[in-house]
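Q: Below are the structure tokens for one structure; questions will follow.
The values are calculated or read from the model by the stated rules, or taken from the named source; none is laboratory data. This structure is a prediction, so every number in the text was calculated from the model and none was measured. For neighbour counting, all protein chains shown are included, and Cβ atoms are generated from backbone atoms with ideal geometry for every residue, glycine included. The protein model used for the area step is the full one, side chains on, heavy atoms only, and it has no ligands, DNA or RNA in it. Shrake-Rupley method; radii C 1.70, N 1.55, O 1.52, S 1.80 Å.
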Amino acid sequence: MQPELKKPEESKKVDTSKPVRAVRKSCTADGVGLSHYILMDRKAK
Amino acid sequence: MLTTVHTPVGQPATAGRFCNTGYGPSLMPLDIGHPDWMAILGPETAFWSLVRRERLADALADPELLLESYRERRPEFQAEMDQLRFGLQPSAVYFNATDRCNLDCTYCYIPGDLRRHGAHMSGDQLLQALARLKEYFATSMGETTRKPRIIFHGAEPLLNRAAIFPGIDAFHDDFQFGIQTNSTLLDAEAIDFLTTRAVSIGLSLDGPEAAVTDRTRTAWNGDSVHAAVLRSLERLADYPALSVITTVTTANLDRLLPLVDLLHEMKVPACLLNPVRCTLPGARTVKPDDRALATALIAALERTHVLYRASGRKLIVANYANILLAILAPTARRLMCDISPCGGGRAFFAVAASGDLFPCSEFIGLEAFRGGNLFQDGIANALQSAPFKLVTGRDVERFAPCNTCAIRHYCGSPCPAEAHEMNGAMERTGAFCALYEELVRHAFRVIADGREGDFLWEGWDAGTTTLFAL
Ligand SMILES: C[S@@+](CC[C@H](N)C(=O)[O-])C[C@H]1O[C@@H](n2cnc3c(N)ncnc32)[C@H](O)[C@@H]1O
């Protein structure tokens, strides 16, 4: 069953007072998708 | 080619205090088309920052605003990119259990002769092939809880379901399986088999209505397959590991908005809106104009956003989501076409029905890129073969115009097969350049407005750590 839909949250508030913004996140690289197949890594139930 | 910059012994501690000269990092301003923000990029390390337009000069001249903090972390970012670009081992295989297909799509990268008369792997051969792959991954992947992936691909995998389904059952503890199918043979029994075994299922659909899909995807005799795909979509409506590929061509460029509406309505969680790869001449007959393609894709992306805001349900456009990831968390990217070297022959490889090994499915019709045979030569040899090295050695740092392009590690200049066949050499761009310029600019505008989460799946950053934040 499709779960109850929740209303989307407001898009993230952006701090416009900062002159410079940057974020970099990191994890173990394990991407193996190519353009002829999607790997979304969403586990089937 | 590793690009790490070493400060030589004897250099003053001030080496690198300016950007863009000497040992200083390159920091390139990029107009992202936003009224308030510009980007400043460190192309070699895929570093990015957003700067208020009126502070651009300060951000480049005042070391405390950006340069110092970037300079400090640059070696770490560089090491991360080097690992991503040169340090991966294969952990997935695109497996063609048959080279035959019951469709004759205009643009297919598998030559028509092969799709009509190609090999069909026997059940025994398939089991043997999976056993060899299991053995290979046990050594190549080392200690990990991650299972290698096998994606039954094609041609049309379900033409050989008699071999594939027993393979999935025999190796369900060893691999995570997926299948990409044109859906014509995906009957209720097949759906039951695949969904109860948590196999991810990709379908292909090119239009919101048969008249559009039929322009590029029909059976050999011209029969429509559109309705068969819709039937499968209905049956799979609540399946979380469902996805749809749309190949974007001149035949459907003006129908992407209704197509996105249809996919969303049918509760498809993710799709690819792929530019047609122009590796073979047939595909070039439906190649859209680069800029027109960018405009249409961005309109389709914005349509998914409107649908999400109205319904609370996302339709992720995975090829775009991947560009956002390439910016926000380079190592979290899922698709490996838009990184250079691409994933072909290093993150994954492809097996044809004969057991022949290719760096990627895209090369299956190109004999010169055959790196060996799974049964005769083994995988390790193929990975070291000259044809594989041609692909894994294609590096955007080494050829123009990519080597000076600020977004080269978000775009990756796909695709080597296309560059080689269409534009005559590996060290050329592929069919589309403006498309990636526009998609990356759009991605930065989305980030500037704090909308990136709306285009990514829930929990996209679970398992990541924040390396850097300003
Ligand atoms: C080659 S098919 C194989 C699996 C299956 N027969 C199917 O139709 O999904 C895999 C995907 O690649 C797409 N494809 C084929 N040729 C392509 C090309 N030249 N450019 C982009 N996508 C292509 C197809 O439309 C399909 O979505």
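Q: Convex hull over the alpha-carbon atoms of region B:331-384: what's its volume per residue in Å³?
A: Normalising the Cα hull of region B:331-384 by residue number yields 89 Å³.
Q: For the protein assembly as shown, just say rounded, prolate or oblate: build the C-alpha gyration tensor, square-root its eigenvalues into a ≥ b ≥ c, call rounded for a/c under 1.5, and beyond that prolate if a/b exceeds b/c, oblate if not.
A: prolate
Q: Using the Cα centre as the reference, give the magnitude of the dipole from point charges on the C-beta atoms of region B:146-258 (Lys, Arg: +1; Asp, Glu: -1; all else neutral), rounded to the nearest 20 debye.
A: 300 debye
Q: Which one, B:ALA329, B:ILE339, B:SER354, is farthest towards the positive end of the dipole of the protein assembly as shown when Lys and Arg carry +1 and Asp and Glu -1 on their Cβ?
A: The listed residue farthest towards the positive side: B:ALA329.
Q: Of B:LYS134/B:LYS314; A:LYS25/B:LYS314; A:LYS13/B:LYS287; A:LYS13/B:LYS267, which ones are farther than 30 Å apart at the Cα?
A: B:LYS134/B:LYS314; A:LYS13/B:LYS287
Q: Further, regarding this structure: Taking just the C-alpha trace of region B:61-178, give me its Rg and Dmax in Å.
A: My reading of the Cα-based Rg and Dmax gives 21.3, 67 Å.
Q: Hey, another quick one. What accessible area, summed over both chains, is buried at the B-A interface (1.4 Å probe, Å², nearest 100)?
A: 5600 Å²
Q: What area, in nm² and to one decimal, does the C-alpha convex hull of region B:325-470 cast on average over all directions?
A: Mean projected area of the Cα convex hull: 10.5 nm².
Q: I would also like to ask the following. Would you kindly calculate the mean projected area, averaged across all directions, of the convex hull enclosing the Cα atoms of chain B, in square nanometres?
A: 22.3 nm²
Q: With the dipole of the protein assembly as shown worked out from charges on the C-beta (+1 for Lys and Arg, -1 for Asp and Glu) around the Cα centre, which of B:ALA97, B:ALA386, B:ALA318 lies farthest toward the positive end?
A: It is B:ALA318, whose Cα lies furthest towards the positive end.
Q: Let me ask something else about it. What accessible area per residue comes out for the protein assembly as shown, rounded to a whole number of Å², with a 1.4 Å probe?
A: On a per-residue basis, the protein assembly as shown sits at 39 Å².
Q: A further question on this structure: Run the reach check for A:LYS12 against aspartates and glutamates, Cα to Cα strictly under 19 Å, same-chain hits fewer than 8 apart removed. What comes back?
A: B:ASP36, B:GLU302, B:ASP449, B:GLU452, B:ASP454, B:GLU458, B:ASP461
Q: Angle between the Cα long axis of helix B:67-86 and the longest principal axis of chain B, 0 to 90 degrees, nearest 10?
A: Helix B:67-86 sits at roughly 20 degrees to that axis.
Q: Right, something else. Computed FRET efficiency, Cβ-Cβ of A:LYS13 and B:ASP31, R0 25 Å: what is it to the nearest 0.05?
A: 0.55
Q: Give me the number: length gained by fully extending B:VAL306 to B:ASP254, i.e. 0.36 nm times residue separation minus the C-alpha to C-alpha distance, one decimal in nm.
A: So the extension gain works out to 16.9 nm.
Q: Give me the distance in nm between label points sitting 7 Å out from Cα along the Cα-to-Cβ direction at B:ALA434 and B:ASP173, one decimal.
A: Roughly 5.6 nm, to one decimal.
Q: Where does region B:386-455 land on Rg(C-alpha)/(2.2 N^0.38 Å)?
A: Dividing the Cα radius of gyration by 2.2 N^0.38 Å gives 1.28.
Q: Over the Cα atoms of region B:156-261, each weighted equally, I'd like the Debye log10 I(q)/I(0) at q = 0.16, 0.23, 0.24 Å⁻¹, rounded to two decimals.
A: For region B:156-261, the Cα-only Debye profile gives -0.73, -1.25, -1.33.
Q: Further question on the same structure: Per DSSP helix of 4 or more residues, -39500 (n - 2.57); summed, then divided by the residues of the protein assembly as shown. What does that give at 222 nm, rounded to the nearest 500?
A: -10000 deg cm²/dmol
Q: Along the Cα→Cβ direction, 7 angstrom out, place labels at B:ARG235 and B:ARG146. What is the inter-label distance in nm?
A: The answer from the label model is 3.3 nm.
Q: I need the phi-derived Karplus couplings for region B:325-340: 6.51 cos²θ - 1.76 cosθ + 1.60, θ = phi - 60°, integer Hz, Gly and Pro marked x.
A: 5, 4, 7, 6, 7, x, 7, 8, 4, 9, 8, 10, 8, 9, 9, 10
Q: If you place +1 on the Cβ of every Lys and Arg, -1 on the Cβ of every Asp and Glu, and leave all else neutral, what size is the dipole of the protein assembly as shown about its Cα centre, to the nearest 20 Debye?
A: Using only the charged Cβ atoms, the result is roughly 480 debye.
Q: With contacts defined as alpha carbon pairs under 8 Å and 6 or more residues apart, what's the relative contact order of chain B in percent?
A: 15 percent
Q: State the extension gain, in nm to one decimal, for the chain segment bounded by B:ALA131 and B:GLN376, taking 0.36 nm per residue of separation less the distance between their alpha-carbons.
A: Contour length minus Cα-Cα distance gives 86.8 nm.
Q: Along the charge dipole of chain B, which of B:HIS409, B:ALA292, B:VAL440 sits closest to the positive end, that is, farthest toward it, with unit charges on the beta carbon of Lys, Arg, Asp and Glu (+1, +1, -1, -1)?
A: It is B:HIS409, whose Cα lies furthest towards the positive end.
Q: Here's another thing I want to ask about it. What is the helix-to-structure angle for B:256-265, meaning the angle in degrees between its Cα long axis and the longest Cα principal axis of chain B, kept from 0 to 90 and rounded to the nearest 10?
A: On a 0 to 90 degree scale, this one is about 70.
Q: With heavy atoms of protein chains only and a 1.4 Å probe, what residues of region B:323-338 have at least 20 Å² less accessible area in the full set of chains than alone?
A: Output list: B:LEU328, B:THR331, B:ARG334, B:LEU335, B:MET336, B:CYS337.
Q: Once you charge only the Cβ atoms, +1 for Lys and Arg and -1 for Asp and Glu, what is the size of the charge dipole of chain B about its Cα centre, to the nearest 20 debye?
A: 240 debye
Q: Find the percent of Cα-Cα distances in region B:241-389 that exceed 20 Å, and round it to a whole number.
A: So the pairs more than 20 Å apart make up 59 percent of the total in region B:241-389.
Q: Here's something else I'd like to know. Less than 15 Å Cβ to Cβ from B:ILE245, Lys/Arg counted +1 and Asp/Glu -1: what total charge do the surrounding residues give?
A: Residues close to B:ILE245 contribute a combined charge of 0.
Q: Roughly how tilted is helix B:434-448, in degrees to the nearest 10 and between 0 and 90, from the longest Cα axis of chain B?
A: With rounding to tens, the tilt is 60 degrees.
Q: With a ≥ b ≥ c taken as the square roots of the eigenvalues of the C-alpha gyration tensor of region B:193-327, please select rounded if a/c is under 1.5 and otherwise prolate if a/b is larger than b/c or oblate if it is not?
A: oblate
Q: Further, regarding this structure: Could you give the length gained by full extension between B:ASP192 and B:THR466, i.e. 0.36 nm per residue of separation minus their alpha carbon distance, to one decimal place?
A: 94.6 nm
Q: Once label points are set 7 Å from the Cα along Cα→Cβ at both B:ARG17 and B:ASP449, what is their separation, rounded to one decimal in nm?
A: 4.2 nm
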